[in-house]
Amino acid sequence: MNDLAEILIGFLLGGLGMYWMFTIWRSRKSREITHSQSVVLLEKIRHVCKLVTVEGEFAEIYQYENVKELFLRLVSSKKKALLVINARVQVGFDLKKIKLAADEHSKKIIMKEFPQPEVLSIEPDVKYYDIKEGLFNWFKTDDLSAVHQEARQHILSKVPESGLLESAKKEAMDAVLMIESMVQAIGWKLDYSALEIESSTEDLKLSGRKSKKQSVES
């Protein structure tokens, strides 16, 4: 039970094969089968890990410049490029951060905390224009990779002011209800009474802490 209480879970879209297995196991009533069912349920949800709820597209023009100083700073060499960045950004919830516990006796999943929305992926399409290189400072393969990463971070810095995170927050309750539907499909119940819900809008109040800096997997 302690191990189950520490498992962080997410939501699985699909999984007809697993659902078929659950349907068979529902016909058995022993505690051993109930315990196995709860483990598989938690594993089934955990495998998805991330749920995308909002997607946005960005178009940015970005100026890159690098100056290399040589010979005791007596000589400088500059390289620069104009970048046009078109990026698709997906925002949603990292379901590994959901805090849940399993009550096998009552066949109940207890949701204690739901995470804040975050950027799950950035897919940038970077085009280079007006590339200029210095005599002692030219673009190498590593430089282009660094510029590409810098472009990703530039887009990431624009996300908070875009409204995507706020839009994703409004989808949190829908995500909880989707998880509830999946749990109910195998005869269990989802208890999310510990979560705070805005009475006027019926939106979920998210209590997870916001990180000051965020990195996104490539």
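Any read-out appearing in this document is the output of simple, stated calculations on the displayed coordinates, not a laboratory observation. What you are looking at is a predicted structure, and each value in this text was computed from that prediction instead of being measured. Note: ideal-geometry Cβ built from the backbone for every residue, glycine included; neighbour counts use all protein chains shown.
Scanning residues 5 or more positions from Ile98 or on other chains, those with amide H under 5 Å from its amide H are Ile9, with H placed 1.01 Å from N in the peptide plane.
Arranged from fewest to most other beta-carbon atoms within 10 Å of their beta carbon, Arg152, Arg73 become Arg73, Arg152.
For Leu190, the amide hydrogen comes within under 5 Å of the amide hydrogens of Ile109, counting only partners 5 or more places away or on other chains and with H modelled in the peptide plane. Per-residue Karplus couplings for region 119-135, computed as 6.51 cos²θ - 1.76 cosθ + 1.60 with θ equal to phi - 60°, are listed in order as 6, 9, 7, 10, 10, x, 10, 9, 10, 9, 9, 6, 7, 10, 10, x, 4 Hz, Gly and Pro entered as x. Scanning residues 5 or more positions from Leu70 or on other chains, those with amide H under 5 Å from its amide H are Val75, Ser76, Ser77, with H placed 1.01 Å from N in the peptide plane.
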